[in-house]
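Only one structure is covered here, and it is reproduced in the block below.
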Amino acid sequence: MNFDFNDSMPLYQQIADQLEEMIFSGGFDEGSQVPSTTQLSQQLHINPATVLKGMNILVNKDLLEKRRGLGMFVKKGAQQKIMEQRKESFYNDYVKSLLVEAGKLGITKQHLLDLIERGENDGSINSPEMSI
């Protein structure tokens, strides 16, 4: 985990975001235990309350669950939940603004699809899973 202490984003949010990314990328499997608040705070040299606040964000997002006396565990379905959240964010953050700008430029739906295909063909899009 890497933190930017000069970033305007609070440390607890950076912790939550990085743990979420680790869950999404398979760094923590569903059902597995994540390091304790104490372990993370000692390892990262951060106040335990800050770590706990970041972890609680993921509890509230239903990605982690607290098991009394055992610690925090990645919930079943957490990766899929993150995927769905990211797809929705992708739509809101990119697709909507793309369509607004395309409308301003008079780009038709077909021209937009042609531009996407052009991006696929020229190597700009390197995701093998991309299929439109």
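The values are calculated or read from the model by the stated rules, or taken from the named source; none is laboratory data. Predicted model only: the values in this text are computed from it and were never measured. Positions of Cβ are backbone-derived with ideal geometry, glycine not excepted, and every protein chain shown enters the neighbour counts. Surface accessibility is based on the protein's heavy atoms, side chains included, excluding ligands, DNA and RNA. Shrake-Rupley method; radii C 1.70, N 1.55, O 1.52, S 1.80 Å.
Find the residue count for region 89-121, including only residues that are assigned to a helix (DSSP H, G or I) and either β-branched (Val, Ile, Thr) or touching a residue at least 24 places away in the same chain (Cβ under 8 Å) (or both). If you could, list the steps in order and put the result at the bottom.
Within region 89-121, the subset assigned to a helix (DSSP H, G or I) is 89-105, 109-121.
With either β-branched (Val, Ile, Thr) or touching a residue at least 24 places away in the same chain (Cβ under 8 Å) (or both) added as a condition, the list becomes 95, 100, 116.
Counting residues in region 89-121 that are assigned to a helix (DSSP H, G or I) and either β-branched (Val, Ile, Thr) or touching a residue at least 24 places away in the same chain (Cβ under 8 Å) (or both) gives 3.
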Unmet criterion (only one of (1) in contact with a strand residue (DSSP E or B) (Cβ under 9 Å, 6 or more places away or on another chain); (2) under 21 Å from Gln85 (Cα atoms); (3) not hydrophobic (A, V, I, L, M, F, W, C)) for Ser36: (2)
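Among the residues of region 36-52, are any exposed (fewer than 12 other Cβ atoms within 10 Å of the Cβ) and outside any loop (DSSP other than H, G, I, E, B)? Reasoning before the result, please.
Step one: of region 36-52, the residues exposed (fewer than 12 other Cβ atoms within 10 Å of the Cβ) are 43, 45, 49.
Okay, now just the ones that are also outside any loop (DSSP other than H, G, I, E, B), so 43, 49.
Yes; the residues of region 36-52 include at least one that is exposed (fewer than 12 other Cβ atoms within 10 Å of the Cβ) and outside any loop (DSSP other than H, G, I, E, B).
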First in region 49-68 and at positive phi, second anywhere and part of a helix (DSSP H, G or I), Cβ under 9 Å, 6 or more apart: Asp62/Ala78; Asp62/Lys81
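Could you please find all residues in region 1-35 being in a helix (DSSP H, G or I), over 17 Å from Lys76 (Cβ atoms) and either open to solvent by 30 Å² or more (accessible area, probe 1.4 Å) or touching a Gly at 6+ places or on another chain (Cβ under 7 Å) (or both)? Full working, then the answer.
Taking region 1-35 first, the residues in a helix (DSSP H, G or I) are 11-24.
Cutting the leftovers down to over 17 Å from Lys76 (Cβ atoms) gives us 11-18, 21.
Of everything in region 1-35, those that are in a helix (DSSP H, G or I), over 17 Å from Lys76 (Cβ atoms) and either open to solvent by 30 Å² or more (accessible area, probe 1.4 Å) or touching a Gly at 6+ places or on another chain (Cβ under 7 Å) (or both) turn out to be Leu11, Tyr12, Gln13, Ile15, Ala16, Asp17, Gln18, Glu21.
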Residue in region 53-60 that is of a type in the set (S, T, N, Q), surrounded by 11 or more Cβ atoms within 10 Å (Cβ to Cβ) and more than 23 Å from the chain's Cα centre (by Cα) present: no
Filtered residues of region 61-98 (kept if open to solvent by less than 90 Å² (accessible area, probe 1.4 Å) and among the aliphatic types (A, V, I, L, M)): Leu63, Leu64, Met72, Val74, Ala78, Ile82, Met83, Val95, Leu98
Any pair with Cβ under 8 angstrom, 6 or more apart, that starts in region 1-14 at a residue that is closer than 18 Å to Ile57 by Cα and in contact (Cβ under 8 Å) with a residue 24 or more places away in the chain and ends at one that is among the hydroxyl-bearing types (Ser, Thr, Tyr) and open to solvent by less than 70 Å² (accessible area, probe 1.4 Å): Leu11/Thr50; Tyr12/Thr50
Test: residue in region 63-75 that is over 22 Å from Leu11 (Cβ atoms), under 18 Å from the mean Cα position of the chain (by Cα), modelled with pLDDT of 95 or more and among the hydrophobic types (A, V, I, L, M, F, W, C): yes
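Take region 1-24 and flag every residue that is charged (D, E, K, R) and more than 14 Å from the chain's Cα centre (by Cα). Working first, answer last.
Step one: filter region 1-24 for residues charged (D, E, K, R), giving 4, 7, 17, 20-21.
Scanning region 1-24 gives Asp4, Asp7.
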Residues satisfying the stated conditions in region 36-48, i.e. more than 20 Å from Lys75 (Cα to Cα) and in contact (Cβ under 8 Å) with a residue 24 or more places away in the chain: Leu44, Ile46
